[in-house]
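Structure first, then comments.
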Amino acid sequence: MQSSRLPPSLLSLLTTQLRPHPSVLGTNAAGVAPAFFAVPRKRAYATNAGDDKSKEAAKSKSALQMRMADKAARMKTTAGTPMVVMPVIANYVRPAKWSQRFPENATFRDYTKYLQADGKAFLGDQAALWQLRKLGKPWRSEFMERATEAYKQVNSAIANGPDADFDKIATAQLIAAIKSQRVNNFKGLNLSWKLHRIVKQEMVCVRHQEVQNDEAWAQIAVRFVTDQSLEVRNSKGTLLKGNHDVPERVTEYYAFQRAMWLPKEDWKIMQKVQEIDPYNLPPGMDIGIE
């Protein structure tokens, strides 16, 4: 039966985050951002040329610089278009409900641990926002307008397939994921998606990571709370699931990114992100600053 393949709602689509291949930029199988994208820590090197340890330190420093230069070189092509699969660093997404941020039996130590991590994440947000001021005064409103349009287009693409200009607002990895979803899950089905209204839209995590000199990536995670509906019909037009007359309240998070060193490059939608569990952060979780 075709109905066995039907997704319950758009919430089930693209919930598996795109993970860079381990060979790309040194990311591991869990998709954790490599140290190259972490906040650099100062490292002291010996300077005595006659000391064996200083020679080893010099070699180590040179090798490190070569690796960083190689990675930075992959950030753009001769045409000026980023080719790298950038890991999501705007990934500290607090639960929307305060009741979900603390366990029922939370102790004073639990609250302290969370507030420390949350404070670091807040400082990371503010540091990134300070860098983004370079985009000009109206950048927030312009970004939110583009985010709204991207959200509409990505859901329409899931239902009807990406259009010719979809690559202007979405990354290549997201486009590939949507096409894969349609081939694997929606064959023989006709989907109709409708956005009834946006209840709330807000930035929940902002990150700015310099990779070389003034070349940097910016990422923003956005929470969308919407009333939407999805109708699924078979090839004969028979309604199998959903009803546009009965919209559902849906909360979703999407990450957007921008290559800050490219003047003509605009924000692009990357992928879905999930709320974090403050007490079970995955290894390498970026909370903003060290």
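A short reminder: the numbers here are calculations on the coordinates, not readings from a lab. No experiment lies behind these values; they were computed from the predicted model shown. All Cβ positions, glycine included, derive from the backbone under ideal geometry; neighbour counts span all protein chains shown.
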If amide hydrogens are placed 1.01 Å from N in the peptide plane, which non-local residues have theirs closer than 5 Å to the one on L240?
V232, R233, N234
Within a Cβ distance under 11 Å of V225, other residues only, what is the Lys/Arg minus Asp/Glu net charge?
+1
Applied in sequence order to the range 136-146, the curve 6.51 cos²θ - 1.76 cosθ + 1.60 (Karplus, θ = phi - 60°) yields integer Hz couplings, x standing for Gly and Pro, of x, 4, x, 5, 4, 5, 5, 5, 5, 5, 5
What the 10 Å binned alpha carbon P(r) of the range 131-184 shows, as percent of pairs per bin from 0, is 23, 43, 23, 10, 1
Which of the three applies to the range 192-261, rounded, prolate or oblate, going by the alpha-carbon gyration tensor with a ≥ b ≥ c and a/c under 1.5 meaning rounded?
prolate
Share of Cα-Cα pairs in the range 140-290 lying beyond 22 Å, as whole percent:
49 percent
Which order do peptides 113-119, 214-220, 102-108, 248-254 fall in by mean Cβ count within 10 Å, highest first?
214-220, 248-254, 113-119, 102-108
How large is ³J(HN,Hα) for each residue in the range 192-199, as worked out from phi by the Karplus curve 6.51 cos²θ - 1.76 cosθ + 1.60 (θ = phi - 60°), to whole Hz, x for Gly and Pro?
9, 10, 9, 9, 7, 6, 9, 6
